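Down below is the structure, laid out as structure tokens.
Coordinate-derived values only; no laboratory data. Small disclaimer: the values here were computed from a predicted structure and weren't measured. So basically every Cβ, Gly included, is an ideal-geometry build from the backbone, and we count neighbours across all protein chains shown.
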């Protein structure tokens with residue numbers, strides 16, 4: 001069965017290394033919380049706010065060794081009340097895990113997006 005795992009994080013500055021570090025941290029937390037094997041990942045979609053252009057978030061996943069996982073990146077709409085400096089991810093995963101047991105992960109400033117989720 002195909003399931004989606006959502007997550008998001010923020011950075012403090014439009015900085016390549018910090019983008020890569022936060023993407024690595026986010027993906028590691030999602031993997032840990034959901035016992036994901038990269039072999040079971042169908043695809044990963046990253047988005048980032050327009051104020052982030054120092055690096056592609058997907059390149060951070062490649063640095064982790066996700067070379068066989070299909071990755072896609074896009075830019076969020078510019079919206080006046082949007083959370084700035086934000087990277088979002090949707091992992092499409094083949095799993096038998098029930099939808100209600102999927103653990104979505106929101107870190108740093110992105111925790112404000114889903115205050116109902118606590119790690």
Report task. In a Gaussian network model over the chain where Cα atoms closer than 10 Å are linked, find which of 43, 59, 35 has the largest mean-square fluctuation. Result -> 35
Query raised in the report: Between residue 24 and residue 82, 0.36 nm times their residue separation minus their Cα-Cα distance comes to what?
Result: 18.6 nm
Report summary line: The relative contact order of segment 46-119, taking Cα pairs under 8 Å that sit 6 or more residues apart, comes to a percentage of 36 percent
Report task. Would you mind checking the tilt of helix 16-34 against the longest principal axis of the Cα atoms of the chain, expressed as 0 to 90 degrees and rounded to 10? Result -> 30 degrees
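With 10 angstrom as the radius, rank 46, 72 by how many other C-beta atoms surround their C-beta, starting from the fewest.
72, 46
For 91, 30, 45, which order do you get if you count the other beta carbons within 10 Å of each Cβ and list the fewest first?
Ordered from fewest to most neighbouring Cβ atoms within 10 Å, 91, 30, 45 come out as 45, 30, 91.
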Query - the chain: antiparallel DSSP beta bridges as a percent of all, rounded to 5 - result: 70 percent
Query raised in the report: Order of 6, 62 from fewest to most other C-beta atoms within 10 Å?
Result: 62, 6
